[in-house]
Structures are given as C-alpha cells and as structure tokens.
Amino acid sequence: MKIKVTTTSSDVPSPFVTQHGADVIGVLSGFDRLRLMATLRPLYQPSLMMRYLSRTGVLLKDFAAFAALWTERVRAAAHQLAEQSGRPLTYLHGSSQRKELLARDQARHDGLSVGLIGIWSVVEPCLTYFVRRDREQKQLVLRLEPGKCLHYYFYFLHEQLGLLHLRLQTWFPFAIHACINGRHWLASQLDQAGIGYVQRENCFTWLEDVAKAQALARAQLQSRWPTLLQPLVEQCHPHAAELCRPLALAYYWSVTESEYATDVMFKDASSLAGLYPALLDHAIRRLGCHDVLRFLGRRTTPRRFVGEASTSLLTREEGTRVKHWAEENSIKMYDKQGSVLRIETTINNVRRFKVRRMTVRKGVRRMRWIPMRFGLADLVRRVEVSRAANERYLQALAEVNVPTPVRPLLDGVGRRMVKENRAYRALRPVSREEAEVFQAVLDGRFLVRGFTNRDLRQALWPRPPDSQQQHRQSGQMTRLLRLLRAHGMIRKVSGTRYYRVTSQGHKTMSAALILREADVTKLAA
C-alpha cells in the first residue's frame with residue numbers, strides 16, 4: 001500500500017517538542033473518540049410528524065399502538081440478527097455498566113477478530129413522542145419530550161474501523177448513534193500498510209514511521225461517512241427504508257462529540273515521569289480558567305461570556321489528568337500508559353466556534369465567519385480548531401523547566417535599536433508602565449485569535465473615552481504596538497488587524513512580570 005506523505009503546518013515541531021527533542025520519539029494527532037448521530041430530522045418537528053402519521057393513516061389515539069408495533073419490529077430484527085450470527089443478546093438492568101468492557105471481554109473470550117461481538121439492551125433516556133391531552137383546546141396533541149425507552153447497543157469488530165458500536169433507539173423517532181475510536185481505526189490502517197507499532201489500549205507508545213502514521217490519521221477526514229456506516233445501519237436496523245418511505249426521508253449524519261488528541265510519545269516512562277509533575281503544576285497555577293477560555297473559543301468579559309468555566313485535577317487508573325472546560329467544551333492533559341503525554345480537546349457544542357462559509361444575507365452573497373454546524377460538512381473545520389487548541393496548549397507548556405537565564409532576554413529588549421532606518425527606544429521590562437502593557441498583552445482572552453489596537457486600549461483604559469481622547473489613545477497604542485513589533489515581542493497576523501505574542505515575547509514578558517512579583521528574601525537567598 002502506497003501512502004502519500006504531505007507536510008502541513010501542524011507537522012512542524014512545536015517549541016515543546018523541540019525543547020524535549022532528546023526524549024521525544026514522535027508526535028501523533030488524530031481522533032480519539034468520535035460520536036456521530038443519524039436522525040430523521042423532519043420527524044423532530046411535531047408538525048411534520050403529524051404529516052407522517054397522516055400519510056400512514058394513523059390517528060393520534062392510535063399512535064401508541066402504532067409506535068409499539070414499530071418497536072416490536074425493531075426488537076424482533078435485533079433478536080433475529082443475534083440468532084443468525086450466533087452472538088449473545090444481553091439485557092442490562094442499568095446504564096452504569098461499561099458496555100465497551102463487556103464487549104472486549106466477550107470478543108476476547110470468543111477469540112473474535114472481525115464481525116458482530118454481541119448486542120446489549122438497556123432502558124435509557126431519549127427524546128421521543130408522547131400523546132397528551134390539551135385541556136384548553138380539548139383535543140389530543142403530539143409532543144416531543146424527554147422520556148425513556150429501550151436502546152440496543154450493537155458492538156462490532158469492524159475490519160476497517162476496529163472496535164465500534166451502534167446505539168439504536170427503539171421508539172420514535174428512532175435515532176441512531178455511532179461511536180468510533182480513531183486510534184483503533186488507525187491500528188487497522190497501520191496493519192494494512194504494514195507499518196509496525198506498539199498499541200496499549202487507545203494510544204500508541206511507538207510507531208515505526210510516524211510521518212506515514214500521521215498521514216493515515218489525516219486521511220480519516222476524507223471518509224464518506226454515510227457510505228461507510230450504511231452497511232452497519234442496514235444490518236442493525238433493516239426496517240429503516242420502510243420507516244422512511246411515507247415522507248421519502250433519509251437518515252442525516254451529524255457529529256455530537258469529537259475528541260481530538262495530540263500524543264507526544266516519549267522514549268520511556270521515566271523521561272515523562274520526571275517532567276510531568278512540573279507540567280501539572282504549571283497547568284494548574286499558570287493556565288487558569290480565564291487563560292484557557294481562549295483555547296476553547298470563549299470570551300472572558302462579563303458581557304461576552306455568561307457561563308461556567310473551571311479547572312479540575314483527577315488521578316485515575318490511566319494517569320493523572322488536568323482538565324479545563326467552558327460549559328460544554330473542554331481541553332485536558334494527562335499521562336497515558338506511562339510514556340505518552342496526551343493533550344485532548346473535546347467539542348460537544350460546535351456553535352461556540354466559527355467557520356468561514358459562503359452565505360446570502362439581504363440578497364448579498366459573500367464569504368462570512370458564522371457559527372459552525374454539527375453536520376459532517378464542518379468536520380474538517382472542527383478538527384482545525386481542535387488541533388490548534390492542542391498546539392497552543394503544548395506551546396504554553398514549553399516554558400516549563402526551560403534552563404534559560406533571564407539576563408539575555410531582558411538585555412535584548414533593554415537596548416535602543418534601529419530597524420528599517422527607524423530608531424526605537426529601549427523597553428523597560430520591569431517598570432510599572434511596561435508591566436501593565438505586558439499584563440494586558442498576555443491576557444488569556446487573546447491566546448487564540450490575538451488582539452487588536454482597540455482590544456489593548458480597552459484593557460489598559462477601561463473607562464470609555466471621549467472622541468478626542470479616543471483618537472489620542474489610538475495613536476499612542478499604534479506607536480506602542482510598533483515598538484513591541486520592532487523588539488520581536490509581537491507579530492502581525494497577515495491580512496488582519498490582529499497581533500499575536502511571539503515565543504520570545506511570551507518568555508520575556510512572563511519573566512519580567514514574575515521578577516516584579518518575586519520575593520526579595522528568596523532572591524537574596
């Protein structure tokens with residue numbers, strides 16, 4: 001099998017990898033867990049559901065019996081599949097049992113390498129239809145409400161995707177969930193390509209060819225998901241075509257949750273063990289909630305962000321992890337299998353992020369940045385956002401245990417300089433005036449998209465100025481930004497009004513701020 005290896009910006013070693021290059025044997029980015037959902041979208045609108053019932057000739061008073069008949073057909077199909085394939089169908093008395101562990105044990109016990117492992121059924125919450133009596137209108141109405149019904153979990157060892165499962169709701173509107181593990185999928189790809197690897201659970205501790213493995217992980221994005229999953233849907237839900245026929249419907253696939261992981265593989269467990277406590281300390285102390293909100297595309301000002309953001313530390317069997325989240329989305333770091341440092345971004349609500357797409361507003365067709373969609377069309381953009389968050393998190397960790405003296409950093413910006421025939425004054429890194437600017441520039445809210453002239457003015461001078469003051473402050477900030485650029489502290493984002501802090505600028509400004517707050521007694525000692 002020939003693999004075309006291409007290089008992207010994400011393949012360029014991060015400062016963290018460069019810093020620990022002697023101990024790092026490779027970096028791999030790709031999906032960890034990917035949850036997809038297939039729905040008959042029109043049936044989630046009560047008016048269209050009423051039209052569906054009308055087409056099938058069902059009255060509301062008969063809806064319960066009609067739905068029960070369909071449920072029985074779905075259940076009979078599941079039992080028939082289990083009987084024909086010779087696989088077990090087990091009812092669970094609670095959803096707390098880890099069905100994936102049960103499936104793994106079953107496959108190991110039966111020596112399976114491909115095909116259906118088993119079917120597990122359990123009563124779980126869902127969104128479904130109920131017929132209610134409207135006392136005001138004195139008639140029956142159909143309402144879509146939270147409820148509970150039986151669900152079937154079909155676990156497979158897929159020849160291409162590895163271990164996965166389909167979850168089928170057995171009551172209207174018969175939603176389907178598919179859960180795929182990108183690392184298991186990649187293992188199948190590596191086997192087909194003849195590339196050696198060492199896999200422990202859902203991560204790789206060694207890869208024979210990291211570049212080709214990364215190319216294969218990137219190729220997963222090009223999959224035709226409906227085509228790939230349709231055979232499994234037909235196998236688990238053979239009556240789907242008949243169910244869709246009255247309104248000529250088709251299942252629509254979307255992504256409900258994505259976990260995109262960047263694994264930094266160390267040569268041995270001791271190399272990571274000596275570094276990881278310092279990484280944890282840095283993540284807890286220096287990467288607080290406000291600092292990480294920008295990784296997750298959120299604003300920290302009260303007018304822009306009204307929600308819950310927090311950080312937690314937890315020790316589990318897999319390792320010790322620190323997790324930062326803003327409402328539905330999160331980013332976390334943990335040591336996995338002893339020698340793998342994993343940075344993982346989990347996106348549950350993509351509406352918090354933007355995608356550039358062609359839109360039509362008031363008859364004008366143009367490209368605009370608008371909220372992302374849950375559909376598969378924006379999956380590539382979802383990956384871009386997740387990968388960028390992981391890379392920035394690693395970049396923030398690059399400052400841990402860096403044996404760099406403060407002197408050359410401060411000396412470099414403490415001298416007057418000439419650039420492009422223009423003279424620039426020296427910076428005064430530990431002065432109060434410069435420290436206020438550094439504090440504003442390093443604010444966590446600017447980590448992802450950067451900052452503008454206006455952003456810094458609002459941070460340094462929060463009181464709204466009059467028109468004359470605004471003009472004067474704008475000119476003053478323009479000169480300050482030009483000075484910081486000349487000293488290599490910030491850079492302009494091409495084609496935009498935004499600026500971002502450079503790696504050198506981050507080190508220099510952080511060092512200056514820490515020196516201002518340092519304990520004199522400890523320094524003297």
- Message: Could you check the range 164-185 and list, in sequence order, the residues that are touching a Leu at 6+ places or on another chain (Cβ under 6 Å) and farther than 16 Å from residue 255 by Cβ?
- Response: 170, 173, 184
- If we scan the range 237-251, do we find a residue that is under 20 Å from residue 152 (Cα atoms), assigned to a strand (DSSP E or B) and of a type in the set (Ser, Thr, Tyr)? no
- Scan the range 52-87 for residues that are touching a helix residue (DSSP H, G or I) at 6+ places or on another chain (Cβ under 7 Å) and loosely packed, with under 14 Cβ neighbours inside 10 Å and report the count. 2
- Mind checking which pairs have a first residue in the range 497-525 that is more than 26 Å from residue 19 (Cβ to Cβ) and a second that is among the aromatic types (Phe, Trp, Tyr), Cβ under 9 Å, 6 or more apart or different chains? 498/446; 498/451
- Looking at residue 240, is it hydrophobic (A, V, I, L, M, F, W, C), surrounded by 19 or more Cβ atoms within 10 Å (Cβ to Cβ) and modelled with pLDDT under 90? no
- Task: Kindly state which helices (runs of 4 or more DSSP H) lie completely within the range 268-321 and contain at least 1 residues that are modelled with pLDDT of 85 or more and within 25 Å of residue 507 (Cα to Cα).
- Result: 269-273, 276-285
- Among the residues of the range 139-178, count how many are within 18 Å of residue 114 (Cβ to Cβ) and either not in a strand (DSSP E or B) or not small (Gly, Ala, Ser) (or both). 12
- Query: Hey, among the residues in the range 201-218 that are in a helix (DSSP H, G or I) and in contact with a helix residue (DSSP H, G or I) (Cβ under 8 Å, 6 or more places away or on another chain), which one's surrounded by the fewest Cβ atoms within 10 Å (Cβ to Cβ)?
  - Reply: 211
- Message: Restricting to the range 455-469, count the residues that are among the polar types (S, T, N, Q) and either surrounded by 14 or more Cβ atoms within 10 Å (Cβ to Cβ) or modelled with pLDDT of 90 or more (or both).
- Response: 1
- If we scan the range 358-369, do we find a residue that is in contact with a Phe, Trp or Tyr (Cβ under 6 Å, 6 or more places away or on another chain) and of a type in the set (A, V, I, L, M)? no
- For the range 110-138, the count of residues that are in contact with a helix residue (DSSP H, G or I) (Cβ under 6 Å, 6 or more places away or on another chain) and either of a type in the set (Asp, Glu) or over 27 Å from residue 158 (Cα atoms) (or both) equals 1
- Item | Selected residue [modelled with pLDDT of 90 or more and either more than 21 Å from residue 398 (Cβ to Cβ) or touching a Phe, Trp or Tyr at 6+ places or on another chain (Cβ under 9 Å) (or both)] from 482, 516 | 482
- Candidate set: the range 483-495, residues that are out of contact with any helix residue (DSSP H, G or I) (no Cβ under 9 Å at 6 or more places or on another chain) and in contact (Cβ under 8 Å) with a residue 24 or more places away in the chain; chosen: the one farthest from residue 429 (Cα to Cα): 493
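The values are calculated or read from the model by the stated rules, or taken from the named source; none is laboratory data. Note that the structure is a prediction, hence the values are computed from the model and not measured. Cβ: placed from backbone, ideal geometry, glycine included. Neighbour counts: every protein chain shown.
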